Amino acid sequence: MTLLSVDEARERILSQFQPVKTETVHITEASNRILAEEIRAADDLPLFDNSSMDGFAIRAADSANAAPASPRSLRVVADIPAGSHPTIFLEPGQAARIMTGAPVPRGADSVVPVEDTNFHDRSAGTIAPDEVQILHPVKNGSNVRTRGMDIRAGNVVLSKGRQLKPQDLGLLAMLGISNVNVYQRPRIALLSSGDELVDVDSPLEKGKIRDSNSYTIAALIESAGAHVVRLGVAKDNFDSVKSLLEKAVAEHVDLILSSAGVSVGAFDFVKEVIESSGSMDFWRVNMRPGKPVAFGNYRDIPIIGLPGNPVSAFVGFEVFVRPTLQRMNGLPDGNRPTVRAKSAEQIDSDGRESYLRAEVLEENGGLVAHLTGHQGSGNLHSLVQANALLIIPAGVKCVPAGQEVTAWLL
Ligand code: AMP
Ligand code: MG
């Protein structure tokens with residue numbers, strides 16, 4: 001039987017999904033959310049001409065030829081702290097003491113930093129002096145941040161599909177935009193399966209291992225901007241698997257993710273339960289690790305069955321689930337950031353599309369990939385040591401040392 005290629009499997013999954021609904025949230029709740037609208041500035045930024053220095057607002061012409069030996073003396077007619085609104089019009093020969101961020105008064109075109117005045121080595125005091133000596137000339141416009149120099153009202157500042165970063169939230173606040181339309185977080189049910197699994201907080205008995213997938217995959221789901229509904233661990237029997245899938249249905253999730261129980265073992269019940277109340281599309285893909293990855297529907301909810309081995313489950317998530325969550329979030333389908341790196345060693349492959357754990361380092365101006373230890377699909381430590389997954393395409397049996405390969409940065 002010929003196995004499904006990775007690309008075909010991914011297409012078959014993606015074709016079943018579309019962007020989820022949107023909702024309006026306050027910017028205190030919007031970090032990492034995906035914008036479902038384009039944001040235009042309603043105001044100019046800066047909002048008004050303001051000083052970028054503590055100093056004196058003047059007309060630049062009044063500082064011409066100023067020098068420490070022959071300073072220009074100007075009369076101080078106003079004191080402008082940040083947050084005030086000057087109403088004066090500055091005439092030739094006049095100066096106004098001004099603080100960083102304060103509005104530049106009409107008539108002034110420049111700000112002389114306090115360091116370039118006779119107050120350079122001592123405080124000008126809380127009360128503005130009557131007179132200031134300008135020691136160095138300024139150019140017209142110096143140290144003034146003019147209205148609209150960063151953003152003009154009407155400009156598009158954030159585009160639809162952007163994952164909101166901390167600095168985006170600050171910009172929205174600057175623009176007076178407190179509510180934004182974002183995609184609802186897709187709801188993803190997560191279960192592990194296996195009689196051998198115990199939770200991290202429970203005592204370990206002989207023959208048992210700790211459930212790690214629940215923790216890795218939940219964090220991956222959250223990293224992709226989705227919400228996790230944790231269903232816990234199913235036992236290796238029909239009823240236990242079925243009861244957790246029924247919980248997922250009751251939770252109205254958009255997707256069910258399971259791990260393990262989809263292979264050809266005698267106690268792999270996940271496929272059977274899916275088929276009892278839904279249908280399987282496929283359950284094996286031509287890849288390594290991660291061949292036993294399944295896709296189907298359980299009572300009309302799509303379900304992706306990831307393999308049980310911890311590295312296989314991780315790789316299956318990156319290859320199939322991350323792009324699916326991106327599509328649900330209204331983003332272009334895509335995987336992790338991709339680079340090309342030279343393999344530091346010869347890599348032998350069995351011809352399946354392979355995903356290898358590696359550390360990609362910059363060496364002599366180029367990127368070089370070093371495999372991180374043995375590539376067994378249960379060896380989670382080698383994934384912890386890696387910062388990339390190298391992709392060896394299907395059909396390739398050997399990559400010689402020094403050859404370039406594609407790598408996803410983790
Ligand atoms: P299975 O697909 O059920 O045959 O599981 C394959 C391998 O993955 C077995 O060695 C399991 O013990 C292991 N495994 C399954 N589920 C988990 C899990 N949640 N955490 C860690 N290892 C697991
Ligand atoms: Mg099992």
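The values are calculated or read from the model by the stated rules, or taken from the named source; none is laboratory data. Remember, predicted model here, so these are calculated numbers, not experimental data. Every residue, glycine among them, receives a Cβ derived from its backbone with ideal geometry; neighbour counts consider all protein chains shown.
Within the range 227-244, residues that are free of Cβ contacts under 8 Å to residues at least 60 places away in the same chain and at positive phi have Cβ atoms under 7 Å from residues that are in a strand (DSSP E or B) and within 16 Å of ligand 2 (Cβ to nearest atom) in these pairs: G232/L191, counting only partners at least 6 apart in sequence or on another chain. Taking the range 218-241 as the range and being crowded, with 19+ Cβ neighbours inside 10 Å, part of a helix (DSSP H, G or I) and either in contact with a helix residue (DSSP H, G or I) (Cβ under 6 Å, 6 or more places away or on another chain) or modelled with pLDDT under 95 (or both) as the test, the residues that pass are L220, V241. No other residue among I34, I13, I27 is more than 30 Å from P292 (Cβ to Cβ), modelled with pLDDT of 95 or more and of a type outside the set (D, E) apart from I27. Against the numbered list (1) among the β-branched types (V, I, T); (2) touching a residue at least 60 places away in the same chain (Cβ under 8 Å); (3) within 15 Å of ligand 1 (Cβ to nearest atom), V319 comes up short only at (3).
Given the range 307-410, what strands (runs of 3 or more DSSP E) lie entirely inside it while holding 3 or more residues that are away from ligand 2 (no atom under 16 Å from the Cβ) and within 30 Å of A226 (Cβ to Cβ)? Give the steps one after another, and end with the answer.
Numbers: elements: 338-343, 353-363, 366-371, 388-392, 404-409.
Counting at least 3 such residues, we get 338-343, 353-363, 388-392, 404-409.
Can you name the residue in the range 242-268 that is near ligand 1 (Cβ under 10 Å from one of its atoms) and surrounded by 22 or more Cβ atoms within 10 Å (Cβ to Cβ) and is also nearest to F17 (Cα to Cα) among such residues? Per the stated criteria, the residue is S258.
Can V132 be described as within 22 Å of G93 (Cα to Cα), touching a Leu at 6+ places or on another chain (Cβ under 6 Å), of a type in the set (V, I, T) and touching a residue at least 24 places away in the same chain (Cβ under 8 Å)?
Details: within 22 Å of G93 (Cα to Cα): yes; touching a Leu at 6+ places or on another chain (Cβ under 6 Å): yes; of a type in the set (V, I, T): yes; touching a residue at least 24 places away in the same chain (Cβ under 8 Å): yes.
For V132, the condition - within 22 Å of G93 (Cα to Cα), touching a Leu at 6+ places or on another chain (Cβ under 6 Å), of a type in the set (V, I, T) and touching a residue at least 24 places away in the same chain (Cβ under 8 Å) - is met.
Could you run through the range 209-234 and say how many residues are touching a Ser or Thr at 6+ places or on another chain (Cβ under 8 Å) and not small (G, A, S)? So the count comes out to 5.
Of all residues being of a type in the set (K, R) and within 14 Å of ligand 1 (Cβ to nearest atom) in the range 195-232, which is nearest to A266 (Cα to Cα)? Just the residue, please. Among residues in the range 195-232 that are of a type in the set (K, R) and within 14 Å of ligand 1 (Cβ to nearest atom), the one nearest to A266 (Cα to Cα) is K208.
One residue stands out among those in the range 367-385 that are of a type outside the set (S, T, Y) and in contact with a Gly (Cβ under 8 Å, 6 or more places away or on another chain): the one that is surrounded by the most Cβ atoms within 10 Å (Cβ to Cβ), which is N379.
Kindly establish whether R288 is within 21 Å of S15 (Cβ to Cβ) and of a type in the set (K, R). Step through it out loud before you land on a result.
Working: within 21 Å of S15 (Cβ to Cβ): no; of a type in the set (K, R): yes.
No; evaluated as a whole, the condition is false for this residue.
Among what's in the range 88-100 and is under 44 Å from the mean Cα position of the chain (by Cα) and in a loop (DSSP other than H, G, I, E, B), pick the residue that is surrounded by the most Cβ atoms within 10 Å (Cβ to Cβ). Per the stated criteria, the residue is M99. None of A82, A78 is in a strand (DSSP E or B) and modelled with pLDDT of 95 or more except A78. Given the condition more than 16 Å from ligand 1 (Cβ to nearest atom), without any contact (Cβ under 8 Å) to a residue 24 or more places away in the chain, in a helix (DSSP H, G or I) and out of contact with any helix residue (DSSP H, G or I) (no Cβ under 9 Å at 6 or more places or on another chain), answer yes or no: does some residue in the range 276-292 qualify? Within the range 276-292 (the criterion being more than 16 Å from ligand 1 (Cβ to nearest atom), without any contact (Cβ under 8 Å) to a residue 24 or more places away in the chain, in a helix (DSSP H, G or I) and out of contact with any helix residue (DSSP H, G or I) (no Cβ under 9 Å at 6 or more places or on another chain)), the answer is no, since none of the residues qualifies.
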